[in-house]
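Engineer: The structure under discussion is supplied below as structure tokens; questions concerning it will follow.
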């Protein structure tokens with residue numbers, strides 16, 4: 001039973017490595033963020049940190 005579990009884990013690890021090259025480079029353009037509050041506030045500060 002232990003060998004079966006080890007085999008399953010090994011196959012899942014190999015399968016996850018095979019999926020990595022399939023992922024596309026996303027996003028390929030810059031993401032724009034519009035903050036609906038005025039400049040200098042806490043929301044503006046957090047938006048600037050996040051972007």
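Please treat every number below as a calculation from the coordinates, not as lab data. Note that the coordinates shown come from a computational prediction; the quantities given were computed from them, not determined experimentally. Here the Cβ is made from the backbone with ideal geometry for all residues, glycine too, and neighbour counts use every protein chain on show.
Engineer: Write down the Å³ per residue value for the convex hull defined by the alpha carbon atoms of the chain.
Structural biologist: So the per-residue Cα hull volume is 133 Å³.
Engineer: In addition: Please determine, in degrees from 0 to 90 and to the nearest 10, the orientation of helix 2-19 with respect to the longest principal axis defined by the Cα atoms of the chain, where the helix direction is its Cα long axis.
Structural biologist: 40
Engineer: May I pose another question? If each residue of separation counts as 0.36 nm, what is the full-extension length gain between residue 43 and residue 8 once their alpha-carbon separation is subtracted?
Structural biologist: Extra length available between residue 43 and residue 8 comes to 7.9 nm.
Engineer: Order 25-37, 3-15 from most to least packed using the mean count of other Cβ atoms within 10 Å.
Structural biologist: Output ranking for 25-37, 3-15: 3-15, 25-37.
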